[in-house]
Structure formats: C-alpha cells, structure tokens
Amino acid sequence: MGDFHIISFQSSCINSSPLSNNRKAFINKVRGEHYLATKQPNGWTILAIGSIPMILVLGNSMLIPLLPKMKTELDVSQFKVSLIISVFSIAAAISIPVLGYLSDRFSRKAVIIPALILYGSGGLLAGSASAWFSNAYMWVLAGRVMQGIGAAGTAPIAMALTGDLFKGAKQSRVLGLVEASNGFGKVISPILGSLFALLFWYAAFFAFPIFCLISVLLTMFFIKEKKAEKEPPPLGKYVKGLVSVFKSEGRWLFAAYFTGATCLFALFGILFYISDILEKSHGIDGIPKGGILAIPLLFMTTTSYITGSKIGKKMGLMKTLIILGTLLMTASFASLIFFEKLVPFIAVLAVSSIGTGLVLPCINSFITGSVPTDRRGFVTSLYGSVRFLGVAIGPPIFSTLMDWSRTGMFLTTAGLTLFAGLLCLTLIHVKKKEASESSQDSLFDKLQFS
C-alpha cells in the first residue's frame with residue numbers, strides 16, 4: 001500500500017508542475033499497472049466466465065438425446081426435429097456480430113446479462129408451450145429463436161472478456177479453461193437431458209432459466225470489468241478499423257474461422273447420428289444413451305483443458321497442434337466406415353474428439369489475441385457466428401447424408417476436416433522468434449500471414 005501512496009503523491013505533484021509529457025505518461029502508466037495488479041481477477045472470476053459458455057452449450061447438447069422423443073411427441077419429420085437445433089444456431093449466428101459490436105461500444109457485462117435473461121426466457125416459452133398446447137412445434141421453434149439470440153451474447157463475448165482481463169500465457173490458460181468449460185457442458189448435458197426426460201420430455205426447457213439465473217448472479221458479483229480508457233470510436237471509424245483488420249489479416253482469419261466451424265459441424269453432426277442409431281439400431285435410450293453420447297465429449301474436454309494449459313503464447317506449437325488435430329479428425333472419420341459395432345465405433349470416434357480438443361483452444365488463442373480491445377468483441381463474435389453456423393448445419397446435413405450413404409457421410413466429413421487442415425497449413429505462417437510468456441503484444445506482432 002505504501003508504494004501506492006507514493007505514486008499517488010507523485011501523480012498529484014506532476015499535475016501542478018511543468019514536467020514533460022513523457023514523464024507524466026510514465027508515472028501514469030506505473031500508477032495504472034499498480035492499480036491493475038491490485039485488481040487481478042481471481043478464481044471466482046474464472047468460474048463466472050466459465051459458467052457462460054457452459055450455459056450456452058446446454059442449449060443444444062442437452063436436447064440432442066431428446067430429439068427422437070421430440071419427433072414422436074411433436075409428430076414431425078426427422079428434418080423438422082433437426083431444426084430445433086438449427087434455428088437456435090442460425091439465430092445466434094445472425095445476432096452475434098450485432099451483440100459483439102454492442103459489447104465493444106458499451107461493456108461486456110451490459111451484453112452478457114440481458115442475453116442470459118433472454119436465453120432463459122426462451123426456454124421458459126418452449127417448455128410452457130409444450131406443456132399447454134397440443135400443436136406446440138412452432139412455439140418451441142419461437143422459444144429456440146429467442147434462446148439463439150440470447151446465446152449470441154454469451155460464449156463469444158466471454159472470449160472477448162477473457163482477452164480483456166488476462167494477458168500473456170495466462171490468457172491462453174484461461175481460454176483453455178473456457179473451452180474446457182464449453183466441453184464439460186457438452187459432456188454433462190446429454191446426461192442431464194436424459195435425466196430431465198425421466199420427469200417429462202419437455203422438462204429440459206424449464207431447466208434453462210435456472211441455469212441462466214446462476215450464471216447471471218456469478219457474472220454480476222464476480223466479474224469486474226476495467227473502465228474504458230477512452231470513449232468508443234464512432235460507428236464509421238469502428239467499421240473502417242474492422243475493414244482494415246480483415247484486409248490485412250483476412251486470409252488467416254478465414255482459415256481459423258473455417259476450421260472452428262468445421263470442428264463444430266462434425267461434432268454436432270456425429271452426435272445427431274449417434275443419437276439416432278443408439279435407439280434405432282441398438283435399442284439404447286435414457287441415461288445410458290446420454291452416457292454414451294458424453295464419451296467423445298469427455299475426450300474433447302480433457303484434451304482442450306490440457307492443450308490450453310500448455311500452449312502459452314507459443315504460436316509455432318499452436319499451428320502444429322491445429323494441423324495434428326485436423327489430421328486426427330480426418331483419420332478417425334475416414335476409418336469409421338469400417339466399424340459398425342458400438343464399442344469400436346466409439347473408440348475410433350474418440351480419436352476425432354482428441355483432434356477437436358487440440359484444435360479449438362489454439363484457434364481461440366489466435367483469434368482472441370489478434371486484435372485491439374476496442375474491436376475484439378466483434379472479431380471474436382464473428383468467430384462465434386461461424387461456429388454456430390457449423391452447429392446449425394451439422395444435424396440437417398447429416399440427416400440428409402444418413403439417407404444417402406453411411407460411407408459417403410463419413411468420407412465427406414473426413415474430406416472437410418482435411419481441407420481445413422490444409423488451409424491452416426498454407427495460410428498461417430509463424431515467425432521463428434517466439435514471444436516470452438509474459439508478453440502482452442498482439443499476435444499480429446508475432447505472426448506472418450500469406
């Protein structure tokens with residue numbers, strides 16, 4: 001505390017004496033760094049941030065094992081029931097850039113908290129309609145659209161918030177935890193969905209408001225944002241800044257966006273496929289079904305956590321892990337054509353989950369560390385949009401591919417993941433000089449792009 005008073009005294013002196021602007025800037029910088037050191041985010045902050053993406057993934061993953069039951073209860077086709085997943089993700093993908101801009105313009109919490117409230121309200125609408133109306137399908141879709149718009153203000157903004165609050169290697173570790181939280185939500189959500197279905201098939205919808213309330217309270221009390229150092233730029237200047245970012249860095253950002261979307265497309269597509277065959281081909285339903293769906297997600301979550309804790313700001317390692325991850329996914333999906341028995345099928349599929357767990361934390365770190373704070377919300381949110389598009393198109397496309405050819409479905413997915421890996425190999429070029437663990441520079445300073 002003594003140092004703080006000395007700095008405060010020095011600061012008061014410089015305001016009344018004709019010192020140079022450089023000296024003023026230096027002392028103000030020291031004062032600011034001391035203040036930030038006394039306000040470091042703690043474990044509760046990380047827990048609060050981690051709860052936001054976990055809430056998000058419940059929106060789709062908790063409903064995956066319930067889709068066959070919904071198809072029967074709502075009396076709709078396979079394609080229409082897949083839209084219960086897709087409209088959520090499409091609404092989120094459309095809304096994310098808008099909420100990303102608003103989070104840059106105002107604050108992250110000012111977007112996250114209302115978004116969580118809207119998310120919970122959409123679940124309440126879908127659940128109430130299912131309980132009260134005989135023809136509830138359109139009401140369920142309306143509730144899912146509300147949830148999707150709310151979801152747009154959750155995980156993508158949480159990524160930007162992590163970039164604001166943490167720097168250097170710690171930023172990568174926390175982003176790894178956020179991705180692991182995302183994955184952990186995917187692991188437990190099929191089991192939770194199956195448990196809620198023991199009460200009644202639409203019970204999961206009523207769980208959303210409860211989970212959202214918990215996350216809202218954690219966010220309100222344990223996330224303390226830094227005050228903006230300057231006024232946000234006007235819209236015109238903001239857009240020009242974004243255009244300049246995408247002009248100079250658009251090719252590697254395209255590779256990163258495409259790869260992230262491909263991972264989520266493959267993940268939710270294959271979960272949709274497994275959910276269907278577990279009931280139709282193996283007669284497995286309820287909690288056992290949720291447990292089996294959780295196995296590949298557990299491998300992905302564990303790998304994501306380990307990857308995020310090890311990569312630091314080692315850009316060369318990140319690129320290597322992205323390429324390795326996409327190759328594992330390609331080999332796994334191509335091999336699945338030879339396995340129809342459940343145990344070896346899940347074992348081979350777990351390899352693709354490990355690949356996904358290697359790729360996503362590295363992509364997150366590249367994108368989150370790539371732009372200044374005042375435009376980070378939009379760039380990370382656009383990444384969230386393309387991830388949601390991957391989730392949105394996964395189930396309906398896999399539904400169509402399932403009707404066409406099982407072999408063709410897996411080989412098409414393998415070709416897509418291989419293409420994603422080749423994009424990253426050719427469009428992301430890393431300088432040989434690695435940054436130190438404590439570096440707070442933009443990744444733009446450390447990457448060369450073709």
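In the range 42-58, the residues that are buried (at least 24 other Cβ atoms within 10 Å of the Cβ) and hydroxyl-bearing (Ser, Thr, Tyr) form Cβ pairs under 8 Å with partners that are at pLDDT 80 or above and assigned to a helix (DSSP H, G or I), at six or more places apart or across chains, as follows: Ser51/Ile214; Ser51/Ser215; Ser51/Leu218; Ser51/Thr219. Just to be sure before I move on: is Ile64 within 23 Å of Pro288 (Cβ to Cβ), in contact (Cβ under 8 Å) with a residue 24 or more places away in the chain and crowded, with 17+ Cβ neighbours inside 10 Å in the structure I sent? So Ile64 passes the test. Would you confirm, using the coordinates I've provided, whether Asp104 is among the acidic types (Asp, Glu), more than 15 Å from the chain's Cα centre (by Cα) and modelled with pLDDT under 85? Answer is yes for this residue.
Assessment of the range 283-291 against the conditions (at pLDDT 80 or above, buried (at least 22 other Cβ atoms within 10 Å of the Cβ), touching a Pro at 6+ places or on another chain (Cβ under 8 Å) and of a type outside the set (A, V, I, L, M)) yields at least one matching residue. In summary, Trp132 fulfils each of the numbered conditions (1) surrounded by fewer than 16 Cβ atoms within 10 Å (Cβ to Cβ); (2) in contact with a helix residue (DSSP H, G or I) (Cβ under 8 Å, 6 or more places away or on another chain); (3) without any contact (Cβ under 8 Å) to a residue 40 or more places away in the chain with the single exception of condition (2). Condition first: modelled with pLDDT of 75 or more, touching a Phe, Trp or Tyr at 6+ places or on another chain (Cβ under 6 Å) and not β-branched (Val, Ile, Thr). Now tell me which residues in the range 152-206 satisfy that. Listed by number, the residues that qualify are Ala203, Ala204. When residues in the range 275-322 are screened for being over 13 Å from Gly357 (Cα atoms) and among the hydroxyl-bearing types (Ser, Thr, Tyr), 3 of them pass.
For the range 363-382, taking the residues that are under 23 Å from Gly316 (Cβ atoms) and outside any helix (DSSP H, G or I), the one that is modelled with the highest pLDDT is identified as Gly369.
Residues of the range 279-295 that are over 17 Å from Leu192 (Cβ atoms) and assigned to a helix (DSSP H, G or I): Glu279, Lys280. Among the residues of the range 75-101, those that are surrounded by fewer than 18 Cβ atoms within 10 Å (Cβ to Cβ) and assigned to a helix (DSSP H, G or I) comprise Gln78, Phe79, Lys80, Ile94, Val98. Scanning the range 313-342 for residues that are in contact with a Lys or Arg (Cβ under 8 Å, 6 or more places away or on another chain) and of a type outside the set (A, V, I, L, M, F, W, C), which turns out nearest to Thr412 (Cα to Cα)? The qualifying residue nearest to Thr412 (Cα to Cα) is Gly316. Within the range 108-118, one or more residues are more than 24 Å from Leu271 (Cα to Cα), touching an Asp or Glu at 6+ places or on another chain (Cβ under 9 Å), crowded, with 19+ Cβ neighbours inside 10 Å and touching a residue at least 40 places away in the same chain (Cβ under 8 Å). Say whether the condition of being closer than 13 Å to Ile52 by Cα, under 18 Å from the mean Cα position of the chain (by Cα) and not in a helix (DSSP H, G or I) is met by at least one residue in the range 135-153. Yes, the range 135-153 contains a residue that is closer than 13 Å to Ile52 by Cα, under 18 Å from the mean Cα position of the chain (by Cα) and not in a helix (DSSP H, G or I). Every test in (1) of a type in the set (A, V, I, L, M); (2) at pLDDT 80 or above; (3) surrounded by fewer than 24 Cβ atoms within 10 Å (Cβ to Cβ) is passed by Leu360 save one, and that test is (3). Determine, yes or no, whether Lys313 is basic (Lys, Arg), part of a helix (DSSP H, G or I) and touching a residue at least 24 places away in the same chain (Cβ under 8 Å). No: the conditions fail for Lys313.
Of all the numbered requirements in (1) loosely packed, with under 15 Cβ neighbours inside 10 Å; (2) in a helix (DSSP H, G or I), Glu340 misses one, and that requirement is (2).
The values are calculated or read from the model by the stated rules, or taken from the named source; none is laboratory data. The structure presented is a predicted model; accordingly, all values stated were derived computationally and were not measured. A quick note on method: Cβ atoms are made from the backbone with ideal geometry, for glycine too, and the neighbour counts reach across all protein chains shown.
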